[in-house]
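J.: Handing you a structure now.
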Amino acid sequence: MLKQYSFEKTAVQTFAGNVSLAMRTENLQVFYGANHAMHDADLGFPKNQITALIGASGSGKSTYLRSLNRMNDGIATVTGKIWYHDVDINEPNVNIYEIRRHIGMVFQRPNPFAKSIRENIVYALKANGIKGKAELEERVETSLKGAALWDEVKDSLDKSALALSGGQQQRLCIARSIAMEPDVLLLDEPCSALDPISTVKVEETLLQLQKKYSIIIVTHNMQQAARVSSQCAFFHLGHVMEYTPTATMFSNPQIPATQDYISGSFG
Amino acid sequence: MGAKRTDFIATVIINLIVAAVVGILIFLLAYILIAGLPHVSWSFLTGTTDAFSGAGGIGVQLFNSFYLLVLTMLISIPISLGAGIYLAEYAKDNWRTSLIRSAIEVLSSLPSVVVGLFGFLLFVVKFKIGFSVISGAIALTFFNLPLLTRNIEESLSAVPRNQREAGLSLGLSKWKTEIGIILPVALPGIVTGIVLSAGRVFGEAAALIYTAGQSAPVTNFADWNPMDAASPLNPFRPAETLAVHIWKVNTEGLASNASQLSAAASAVLIIAVLLFNLGARVLGNFLYRRVTASK
Ligand SMILES: Nc1ncnc2c1ncn2[C@@H]1O[C@H](COP(=O)(O)OP(=O)(O)OP(=O)(O)O)[C@@H](O)[C@H]1O
Ligand SMILES: [Mg+2]
């Protein structure tokens, strides 16, 4: 039987004091029809840092993350505000295609296109009007280097992306996202389909990438959250229960729900 | 009876059934080819038919079959591509969509002779187009559309959802994702379906008897202007196809060697259909390797 935790007693820091925020949500609510899957999420994400979202299965992490770049359009109703560069991007009239170029996303299962490695990266760039051959080549190289994949694939850029290993495919998906030169990178359990060695590689990649990008990562793996993130949000049944610096959350959780989740005596 | 024994018996029975199916097919093919091939010659393949007796070569009919096929595909591929993309990607799950789906199902189960009669009454008689390639092509389109639409919809739906999410998350529009990412992955399946349906269209007779007609006027193969009455490309001339020719030679052929003629024509028809099937496989595999860049 699931323990009951009070949704009144939360510990959510704002992080707005001495750092600037890459984006922020205010009263974010998500409904799948009648299912109220996300309640009042107020979270701010510091620039050039990694923020982890943790919580049990079904707690609403993906639901929240997918709202941030409007991937829930047509699937769920999202109310509240999503601030990005002083614009509420949850307004109906914003250009969602533009938004998604600034806020990239990497999914749980690697989903490279059934195209060559090079085409995986340049396809969306070309669609966005980048035509110069030199520029495209350059983006392929920098993005693959950024995703720590360059050395492994530089001689086989015209091979099928489907022939790569799962971990390489996931890093290719990261490369494909950063080739768009986004601001924010959203990752939904990017390592859950990967072996430990590939996981380490992806984590190292993320730690490098935070110099250029603001990263929000959903993970089930608490060690991973501890290794990569600066702050950490704990979700429970569609509520944000605690949002504190990662070190604080793992050494000194503020509320019973987080304490139980972290110590493994949850539920 | 142990599980192992049950398993063994089931395997034997299944293998026997498969062997029976393959056996029947091989027997049929062998019978038709052995009966027909000895009578196939170059002059038979290119010669003209005597309009009265039905004797002579099948050159014009062979051309008509291919021409009708091309016209039919030119009409039906764009329509079914649009319909398939709509059903797979854009149609909401509501009563209107299920109505469309049932309509397609009904259309696909219409007997081809009924489609032919409909084409005869509407195009040939009412619109006064007469027995013509174009009437035949439209009738065949009716009969081809539902199967092609189905095939395209299924090929598109079989592409994993996460490919669509990948496209959308990169800021591509839904249409761009569809055409640039989903369609190429589905293309091998779509092409296989098109080529297989081409085989079916090529062998169709009933829908054509009253639409494309049963006469194969000798055409002037030096004249490729579709507007000229004698041109083989003129879509308004009657055009007996190979399959219709076989039917006609068998039912009302007056030639002394009618049975040989029809056996030979059947062999040619079967070989053409087999080539379509083989072509579907080869082309499908080739395209798959091309679009996925796998060698
Ligand atoms: N497409 C959808 N349609 C309807 N309900 C959904 C959909 N996606 C998620 N939900 C519901 O929203 C709630 C939160 O799901 P969500 O996928 O966000 O959880 P999660 O924290 O990401 O879980 P996991 O760790 O298993 O990925 C669940 O109750 C789920 O049933
Ligand atoms: Mg999830």
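J.: State the answer as a single residue: which of B:Phe66, B:Ile100, B:Thr292 lies farthest towards the positive end of the charge dipole of the stretch B:40-292, with beta carbon charges of +1 for Lys and Arg and -1 for Asp and Glu, about the Cα centre.
T.: The one lying farthest along the dipole's positive direction is B:Thr292.
J.: So, one more: Using only alpha carbons, build the gyration tensor for chain A and give me the equivalent ellipsoid semi-axes, biggest first, whole Å.
T.: With the √(5λ) rule applied to chain A, the semi-axes are 32, 21, 16 Å.
J.: In a GNM of chain A with a 10 Å cut-off on Cα contacts, which of A:Gly146, A:Gly80, A:Gly33 has the highest mean-square fluctuation?
T.: Checking each option, the largest mean-square fluctuation is seen for A:Gly33.
J.: Over chain B, what percent of the accessible surface lies on carbon and sulfur atoms, probe 1.4 Å?
T.: The nonpolar share, carbon plus sulfur, comes to 70 percent.
J.: Shifting gears a bit: Under unit Cβ charges (Lys, Arg +1; Asp, Glu -1), what dipole magnitude, rounded to 20 debye, does chain B have relative to its Cα centre?
T.: 840
J.: Sorting A:Ser57, B:Ser53, B:Ser80, B:Ser157 by accessible area (1.4 Å probe), largest first, what list results?
T.: Sorted descending by solvent-accessible area, the residues read A:Ser57, B:Ser157, B:Ser53, B:Ser80.
J.: What are the ³J(HN,Hα) values, in whole Hz, obtained from phi via the Karplus relation 6.51 cos²θ - 1.76 cosθ + 1.60 with θ = phi - 60°, for each residue of the stretch B:193-204 in sequence order, with x given for Gly and Pro?
T.: After applying 6.51 cos²θ - 1.76 cosθ + 1.60, I find x, 5, 5, 4, 5, 4, x, 5, 4, 4, x, 6 Hz.
J.: Pull up the DSSP beta bridges for chain A and report the antiparallel fraction as a percent, rounded to 5.
T.: Counting only bridges with both partners in chain A, antiparallel ones make up about 50 percent.
J.: Once the dipole of the stretch B:40-292 is set up with Lys and Arg at +1 and Asp and Glu at -1 on Cβ about the Cα centre, which of B:Thr149, B:Met227, B:Leu183 lies farthest towards its positive end?
T.: B:Leu183
J.: When the Karplus curve 6.51 cos²θ - 1.76 cosθ + 1.60 is applied with θ = phi - 60°, which whole-Hz ³J(HN,Hα) does each residue of the stretch B:249-256 get, with x for Gly and Pro?
T.: With the stated coefficients, the stretch B:249-256 comes to 4, 6, 8, 10, x, 9, 5, 5 Hz.
J.: Further, regarding this structure: Calculate how many DSSP beta bridges within the protein assembly as shown are antiparallel, expressed in % of all such bridges and rounded to the nearest 5.
T.: 55
J.: Amide H of A:Leu187 versus every other amide H placed in the peptide plane: which residues, excluding those fewer than 5 positions away on the same chain, fall under 5 Å?
T.: A:Val106, A:Ile216, A:Ile217, A:Val218
J.: Once amide H atoms are placed 1.01 Å from N in the peptide plane, what residues at a sequence separation of 5 or more from A:Ala11, or on another chain, have their amide H within under 5 Å of its amide H?
T.: A:Glu242, A:Tyr243
J.: Then there is this: Can you pull a Stokes-Einstein diffusion coefficient for the protein assembly as shown at 37 °C (0.692 mPa s), Rh from Kirkwood over Cα pairs, as a whole number of µm²/s?
T.: 116
J.: Something else: Under the rule of at least 5 residues apart or a separate chain, name every residue whose amide H is placed under 5 Å from the amide H of A:Met23.
T.: Close amide H contacts, sequence-distant or interchain: A:Phe45.
J.: Using Stokes-Einstein with the Kirkwood hydrodynamic radius over Cα pairs, what translational diffusion coefficient do you get for the stretch B:40-292 at 25 °C and a viscosity of 0.890 mPa s, in µm²/s rounded to a whole number?
T.: D, rounded to a whole number, is 124 µm²/s.
J.: Using θ = phi - 60° and the Karplus form 6.51 cos²θ - 1.76 cosθ + 1.60, what ³J(HN,Hα) does each residue of the stretch B:103-108 get, whole Hz, x for Gly and Pro?
T.: In residue order, the calculated couplings are 4, 5, 5, 4, 4, 6 Hz.
J.: Comparing B:Gly171, B:Gly253, B:Gly213, which has the greatest mean-square fluctuation in the GNM of chain B with Cα pairs linked when under 10 Å apart?
T.: Most flexible of the set in this elastic network: B:Gly171.
J.: Rounded to whole Å and sorted largest first, list the principal axis extents of the Cα atoms in the stretch B:187-264.
T.: 48, 32, 22
J.: How far apart, in nm, are two points set 7 Å out from the Cα along the Cα-to-Cβ line at A:Glu98 and at B:Thr251?
T.: Once both label points are built, they end up 6.6 nm from each other.
J.: Any idea what the dipole of chain A comes to, in debye rounded to 20, about its Cα centre with Lys/Arg Cβ at +1 and Asp/Glu Cβ at -1?
T.: With only Lys, Arg, Asp and Glu charged at Cβ, the dipole is about 380 debye.
J.: Rank-order B:58-64, A:148-154 by packing density, defined as the average count of other C-beta atoms within 10 Å over each peptide's residues, highest first.
T.: My ranking of the peptides, most packed first, is B:58-64, A:148-154.
J.: Within the stretch B:256-295, what residues put their amide N at less than 13 Å from the label point 7 Å along the Cα-to-Cβ vector of B:Leu29?
T.: B:270-279
J.: Summarise the partner chain shielding of A:123-133 as one whole number: the mean count of Cβ atoms from other chains within 10 Å of each residue's Cβ.
T.: Counting other chains' Cβ atoms within 10 Å and averaging over A:123-133 gives 3.
J.: Name the residue from B:Ser43, B:Val124, A:Tyr64 whose Cα lies farthest towards the positive end of the charge dipole of the protein assembly as shown, charges +1 on Cβ of Lys and Arg and -1 on Cβ of Asp and Glu.
T.: Going by the charge dipole, the pick is B:Ser43.
J.: Which of the lysines could a cross-linker bridge to B:Lys176, judged by Cα under 24 Å and excluding same-chain residues fewer than eight apart?
T.: Cα-Cα hits under 24 Å: A:Lys115, A:Lys126, A:Lys131, A:Lys133, A:Lys159, B:Lys92.
J.: Sticking with this one: Compute, for the protein assembly as shown, the length of the dipole vector about the Cα centre, with Cβ point charges of +1 (Lys, Arg) and -1 (Asp, Glu) only. Units Debye, rounded to 20.
T.: In total the dipole reaches around 360 debye.
The values are calculated or read from the model by the stated rules, or taken from the named source; none is laboratory data. Keep in mind that what you see is a predicted model, and the values were worked out from it rather than measured. Positions of Cβ are backbone-derived with ideal geometry, glycine not excepted, and every protein chain shown enters the neighbour counts. Please note that ligands, DNA and RNA were not included when accessible areas were found on the heavy atoms of the full protein model with its side chains. Shrake-Rupley method; radii C 1.70, N 1.55, O 1.52, S 1.80 Å.
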